[in-house]
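The values are calculated or read from the model by the stated rules, or taken from the named source; none is laboratory data. Owing to the predicted nature of the structure, the values given are computational and were not obtained by experimental measurement. Backbone-built Cβ (ideal geometry, glycine too); neighbour counts: all protein chains shown.
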Amino acid sequence: MTPALLEIDNVTRVFGGVRALDGVSLQVRDGEIVSIIGPNGAGKTTLFNIISGVLRPTSGDVRFQGRSIVGWTPQRIAGAGIGRTYQIARPFGRLSVLDNVAVGALTHARTLHAARVAAEEVLSVVNLLPLADRSASSLTLTQRKRLEVARALALRPKLLLLDEVMAGLTPTEIDAMAGFVEHLHERGIAAIGGVEHVMRVVMRISHRIVVLDFGKKIADGTPAEIVADPRVNEAYFGTPIDEVSAS
Amino acid sequence: MHPVLIGQLTVDGLLLGGIYALSALGLNVIFGVMRIVNLAHGEFVIGAALFAAVLFERWHINPFIVLPFAFAAAFGGGALIQRFLLRRLPEDLAAAETTSLLLTFGISYFLVGAGLAIFSGNFRSVPFLTGAWALGAISIAQTRFVAFVTSSILALLLALLLRYTALGRSLRATSQSIEGALACGVDVERVRTFAFALGTGIAAASGCLLSLIFTVNPETGANVTLASFAVIALGGLGDYVGTLVGAAIIGLAISFTGYYASAQVAQAAPYVLFILVLLLRPSGLLGRRAA
Amino acid sequence: MKRATVAGFVLVVAALALIPPFASGYVRSLLYITVLDVALAYAWNVISGYAGYLSFGQVTFFGLGAYTTALVVIHGHVAWWEGALLGGALSALLAVPLGYLMLRLRGAYFALGMLGLAQTFQVIANASGFSGGGSGLFLPPGSNTLAVYYWTLAIAVLTFVATVFIDRSAFGLRLQALREDEQVASTLGVDVTTAKVMAFVISAIVPGLLGGGYAWYLTYIEPVSAFATRFDLQAVAMTILGGIGTVWGPLIGGVLMSQVSETLAAQFPQTYLMIFGGLVVVLLLFLPRGIVPAVSAALARRRARA
């Protein structure tokens, strides 16, 4: 069995008195789509911050392609192939949409020109190319979310961390984003999505689902397994099993 | 290292610290609630000090009487500045920090120029209460002591205001989370105006007290600004008790370096401490970015 | 850059180079201080405009350059420009560790830190006998102000060219990204620490070199004028007026302001402070991004309508 692309090994993160993450372990394989579900405060963003190097775990290890990345700077992790989006979009407001994406492309491109060319390709994938010359601060919320994804994609990542990437979108846009995430899988890019709701889509596109509650992992399995798991239903869904699987 | 000397310098330093504490508290209120770095803070303090000095020179009105009026005037002025100038700062917080730095940088130069035009470059102070009490072998300058007591009373009033009044609670809420405060029905604009006015008023009050101890001229504002920020850095942003501790440390530093080196070098002491603190204990003392 | 623009720029530089030998002393000194201010503004623009770390103490390096030059000229009997080069080198050397330390501080604290640093250097210059204390240092006579002018002009041109390169390079994009959002920039692969330290070094070496020239120009330096706040105020005001973080901003701002500021500063120093301080405030409230972006936005709208 090939080693997992990403291994989170018993990670705990304490803030003051609060255990934002408590002994969480999980694995992501190449090309896999894993959705982490849990209410706000369950620890998803903290986990993303730890994986991307913005925070260090209080204890535990994170391994990417077999190497421990704990203590690596965020830029080194980005260069190694992990890209992330932010729950609330944080575009480089005064830069153009194109330049926003070109930043990530600089990890692979030698010159600014080459980076901008690469950025154009990425923009066409997320359908933002017509807006390339606009300033990023002029984009709508939906467009900003797509820009978030585009920026991370410009890194040519092997793993994409998508934090609440569907929040605030209309049903049509959600389907489009879901299609995009599945498309990532076809391109061999693994993805971890942090999700609060939008269950039906999550169930459809995820290979595996991990459930967090108060910083602890309470379940980890295929969508079918999760739906049937009584602990998950009790802690999180609060609805009878039939209703969820029927939607 | 004569113990009496050490004792004297310590007493002088602590008394001095008390006044810097008041100045720093004013800055803390503004910085904490509005995330505005008021680079012109020192100019407000010195402006009040010069004003008090001139009133004493001309009409022998002592600074303690001037204090409440200076507070009121600065409070009003601060409210006006907030309503007409600062309110126009962009919503986006990162840009606001840059803009407020540059804005108050401009204001500080404006005030230095105005100060020089009004008061000229002469150094002034208020020679009021020139006696001293003896505590054993240590002499406690009356003026420093009374200024210290006044400063403590004002600081206490501020603490009471913050803890027990609705306005004070709104102020604290807004400094922790603007969204949260809005959600609780707090009129954030009013609170910000109040915070800036209060901070400016406190600055003026501390200036009146400072005039008793230091000789100042319109160009010495920068030192006060730096020392006040040093106090905040040492004590922690938003931590009012920490401010008192930080002020004590700064006061002691100024007192001791002033004796062992020179008055000039003493001016640099707060800055050196400031940098050391920020570099050695960055977490918790660097100041929060807005949530 | 369009050929016309380059040609125009070359013409201006040529004019600046050819006028002084034939001009009066007043015009010469006005040109010198203008070119000096513009160069300092461009240097400030790199760390404060592109990288977004507002510094109110770049004069630290200016004074360091001035004193270094004065000291080696007086004691080491070297040529003034060698002293100035040394001043620049020292500034760069100092800026590296200083940058690593200071650039860890967030916006407000970095600005204050630099402000305090300038004050501290002034205090040191004032207090130490080695640097002549409050009475300052006299350099040997025979100063050639024209040579200093050309030195300053050359550095100004180089700094401008460097800015153009930065603006169009990957380095420049990295700086601007970290200015907008440093954390996000780092998760997108930007080595933020190296980039901002480099920007800081560039912004330090220029004042260092120019301060050396200044010392020779005046043949006398003392703490207050070597670390004078006017240098920072001018750089800030000019750059904000012209457009912070742009290629042409400091130049436009400098050209517009220089005549006014020099006359004012010399004759009515308090009014000068009030006007320039007030100007910064007014600009920030009504024209925060400066003239250059406003003009190019207006031109873009014209083109869109055409």
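So B:GLY106 clears everything in (1) of a type in the set (Gly, Ala, Ser); (2) farther than 28 Å from B:PHE128 by Cβ; (3) touching a residue at least 40 places away in the same chain (Cβ under 8 Å) except one condition, right? Which one?
(3)
Take the conditions part of a helix (DSSP H, G or I), over 15 Å from C:LEU233 (Cα atoms), touching a Lys or Arg at 6+ places or on another chain (Cβ under 9 Å) and among the hydrophobic types (A, V, I, L, M, F, W, C) and apply them to C:ILE47. Does it pass?
Answer is yes for this residue.
Looking only at region B:226-256, which residues are in contact with a Ser or Thr (Cβ under 7 Å, 6 or more places away or on another chain), modelled with pLDDT of 85 or more and surrounded by fewer than 24 Cβ atoms within 10 Å (Cβ to Cβ)?
Matches in region B:226-256: B:LEU252 only.
With surrounded by fewer than 22 Cβ atoms within 10 Å (Cβ to Cβ) and either farther than 30 Å from C:LEU178 by Cβ or of a type outside the set (A, V, I, L, M, F, W, C) (or both) as the only criterion, which of B:LEU85, B:LEU116 stands out? Working first, answer last.
Working: B:LEU85 fails: either farther than 30 Å from C:LEU178 by Cβ or of a type outside the set (A, V, I, L, M, F, W, C) (or both).
Only one candidate qualifies: B:LEU116.
Determine which member of the set A:THR45, A:THR12 is hydroxyl-bearing (Ser, Thr, Tyr), under 14 Å from the mean Cα position of the chain (by Cα) and either farther than 15 Å from A:GLY193 by Cα or at pLDDT below 90 (or both). Give the steps one after another, and end with the answer.
Numbers: A:THR12 fails: under 14 Å from the mean Cα position of the chain (by Cα).
Unique residue meeting the criteria: A:THR45.
Taking the criterion of being modelled with pLDDT of 90 or more, in contact with a Cys (Cβ under 9 Å, 6 or more places away or on another chain) and more than 21 Å from B:ALA269 (Cα to Cα), would at least one residue in region B:39-50 satisfy it?
So far as region B:39-50 goes, yes, one or more of its residues are modelled with pLDDT of 90 or more, in contact with a Cys (Cβ under 9 Å, 6 or more places away or on another chain) and more than 21 Å from B:ALA269 (Cα to Cα).
If a residue must be more than 9 Å from chain C (Cβ to nearest Cβ), free of Cβ contacts under 8 Å to residues at least 40 places away in the same chain and assigned to a loop (DSSP other than H, G, I, E, B), how many such residues does region A:73-105 contain?
1
Answer yes if at least one residue in region C:268-288 is under 27 Å from C:ILE155 (Cα atoms) and more than 10 Å from chain B (Cβ to nearest Cβ), and no otherwise.
no
Would you mind listing the helices (runs of 4 or more DSSP H) fully within region B:108-184 where at least 2 residues are within 18 Å of the chain's Cα centre (by Cα) and closer than 18 Å to B:VAL54 by Cα?
It comes to none.
Looking for whichever is in contact (Cβ under 8 Å) with a residue 24 or more places away in the chain, in a helix (DSSP H, G or I) and either among the hydrophobic types (A, V, I, L, M, F, W, C) or closer than 20 Å to C:THR152 by Cβ (or both) here; the options are C:LEU86, C:LEU54. Which one fits?
Unique residue meeting the criteria: C:LEU86.
If we only count helices (runs of 4 or more DSSP H) wholly inside region C:134-234, which ones have 1 or more residues that are within 30 Å of B:ALA222 (Cβ to Cβ) and more than 14 Å from chain A (Cβ to nearest Cβ)?
Of the helices (runs of 4 or more DSSP H) lying wholly inside region C:134-234, those with at least 1 residues that are within 30 Å of B:ALA222 (Cβ to Cβ) and more than 14 Å from chain A (Cβ to nearest Cβ) span C:145-167, C:192-218, C:223-226.
In the list C:PHE227, C:PHE286, C:PHE276, which residue meets the criterion of being loosely packed, with under 15 Cβ neighbours inside 10 Å and out of contact with any Cys (no Cβ under 6 Å at 6 or more places or on another chain)? Give the steps one after another, and end with the answer.
Values: C:PHE227 fails: loosely packed, with under 15 Cβ neighbours inside 10 Å; C:PHE276 fails: loosely packed, with under 15 Cβ neighbours inside 10 Å.
Every option except C:PHE286 fails the conditions.
For region C:147-163, does any single residue satisfy the condition of being within 17 Å of C:ALA84 (Cβ to Cβ) and either among the acidic types (Asp, Glu) or free of Cβ contacts under 8 Å to residues at least 40 places away in the same chain (or both)?
The answer is yes, given that some residue of region C:147-163 is within 17 Å of C:ALA84 (Cβ to Cβ) and either among the acidic types (Asp, Glu) or free of Cβ contacts under 8 Å to residues at least 40 places away in the same chain (or both).
With the checklist (1) away from chain B (no Cβ under 11 Å); (2) closer than 25 Å to C:ALA177 by Cβ; (3) in a helix (DSSP H, G or I); (4) at pLDDT 90 or above in hand, flag the one item C:ALA300 doesn't pass.
(4)
Do you know which residues across region C:235-245 are of a type outside the set (Val, Ile, Thr) and within 14 Å of chain A (Cβ to nearest Cβ)?
Those that are of a type outside the set (Val, Ile, Thr) and within 14 Å of chain A (Cβ to nearest Cβ): C:GLY243, C:GLY245.
Quick one: would you say B:THR215 is within 22 Å of B:LEU39 (Cα to Cα), β-branched (Val, Ile, Thr) and touching a helix residue (DSSP H, G or I) at 6+ places or on another chain (Cβ under 7 Å)?
So B:THR215 fails the test.
The rows are residues; the columns are (1) over 29 Å from A:PHE64 (Cβ atoms); (2) among the basic types (Lys, Arg); (3) in contact with a Cys (Cβ under 9 Å, 6 or more places away or on another chain); (4) touching a residue at least 12 places away in the same chain (Cβ under 8 Å).
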{"residue": "A:ALA132", "(1), (2), (3), (4)": "yes, no, no, yes"}
{"residue": "A:SER138", "(1), (2), (3), (4)": "yes, no, no, no"}
{"residue": "A:LEU161", "(1), (2), (3), (4)": "no, no, no, yes"}
{"residue": "A:MET166", "(1), (2), (3), (4)": "no, no, no, yes"}
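So B:GLN8 ticks every box in (1) over 29 Å from B:SER139 (Cα atoms); (2) polar (S, T, N, Q); (3) part of a helix (DSSP H, G or I) but one. Which box is left unticked?
(1)
Could you check, for region C:82-99, whether at least one of its residues is within 7 Å of chain B (Cβ to nearest Cβ) and under 22 Å from B:ALA230 (Cα atoms)?
Start the filter on region C:82-99 by keeping residues that are within 7 Å of chain B (Cβ to nearest Cβ), which leaves none.
Within region C:82-99 (the criterion being within 7 Å of chain B (Cβ to nearest Cβ) and under 22 Å from B:ALA230 (Cα atoms)), the answer is no, since none of the residues qualifies.
Of the conditions (1) more than 9 Å from chain C (Cβ to nearest Cβ); (2) in contact with a Phe, Trp or Tyr (Cβ under 9 Å, 6 or more places away or on another chain); (3) under 24 Å from C:SER169 (Cβ atoms); (4) of a type outside the set (A, V, I, L, M), A:ARG146 clears all except one; give me its number.
(3)
Just the residues that are in contact (Cβ under 8 Å) with a residue 12 or more places away in the chain and more than 20 Å from B:ILE6 (Cα to Cα), please, taken from region B:240-271. So that I can check it myself, show each step before the final result.
Narrowing region B:240-271 to residues in contact (Cβ under 8 Å) with a residue 12 or more places away in the chain: B:240, B:243-244, B:246-257, B:259, B:266-267, B:269-271.
B:TYR240, B:THR243, B:LEU244, B:TYR271 - these are the residues of region B:240-271 that are in contact (Cβ under 8 Å) with a residue 12 or more places away in the chain and more than 20 Å from B:ILE6 (Cα to Cα).
Among the residues of region A:116-133, is any of a type in the set (A, V, I, L, M), more than 22 Å from the chain's Cα centre (by Cα), more than 9 Å from chain C (Cβ to nearest Cβ) and outside any helix (DSSP H, G or I)?
Yes - at least one qualifying residue is present in region A:116-133.
Of everything in region B:273-291 that's crowded, with 16+ Cβ neighbours inside 10 Å and more than 7 Å from chain C (Cβ to nearest Cβ), which residue is modelled with the highest pLDDT?
B:LEU273
Would you pick out the residues in region B:202-247 that are more than 14 Å from chain C (Cβ to nearest Cβ), within 14 Å of the chain's Cα centre (by Cα) and of a type in the set (Phe, Trp, Tyr)?
Within region B:202-247, B:TYR240 is the sole residue that qualifies.
Checking the condition surrounded by fewer than 21 Cβ atoms within 10 Å (Cβ to Cβ), in a helix (DSSP H, G or I) and either touching a Pro at 6+ places or on another chain (Cβ under 8 Å) or among the aliphatic types (A, V, I, L, M) (or both), which residue from C:VAL260, C:VAL292 passes? Spell out the reasoning first.
Details: C:VAL292 fails: surrounded by fewer than 21 Cβ atoms within 10 Å (Cβ to Cβ).
Of C:VAL260, C:VAL292, the one residue that is surrounded by fewer than 21 Cβ atoms within 10 Å (Cβ to Cβ), in a helix (DSSP H, G or I) and either touching a Pro at 6+ places or on another chain (Cβ under 8 Å) or among the aliphatic types (A, V, I, L, M) (or both) is C:VAL260.
Can you find, within region A:15-38, the residue that is nearest to the chain's Cα centre (by Cα) among those that are of a type outside the set (A, V, I, L, M, F, W, C) and under 30 Å from A:HIS183 (Cα atoms)? Steps first, answer last, please.
First, the residues of region A:15-38 that are of a type outside the set (A, V, I, L, M, F, W, C): A:16-17, A:19, A:22-23, A:25, A:27, A:29-32, A:35, A:38.
From the residues that got through so far, the ones that are under 30 Å from A:HIS183 (Cα atoms) too are A:25, A:27, A:29-32, A:35, A:38.
Details: A:SER25: 17, A:GLN27: 14, A:ARG29: 14, A:ASP30: 14, A:GLY31: 13, A:GLU32: 12, A:SER35: 8, A:GLY38: 14 Å.
Filtering first and then ranking leaves A:SER35.
Would you mind listing the strands (runs of 3 or more DSSP E) fully within region A:152-247 where at least 2 residues are over 30 Å from A:ASN100 (Cα atoms), β-branched (Val, Ile, Thr) and at pLDDT 85 or above? Walk me through it before giving the result.
Numbers: elements: A:159-163, A:190-195, A:208-213, A:216-221.
Filter on region A:152-247 gives A:208-213.
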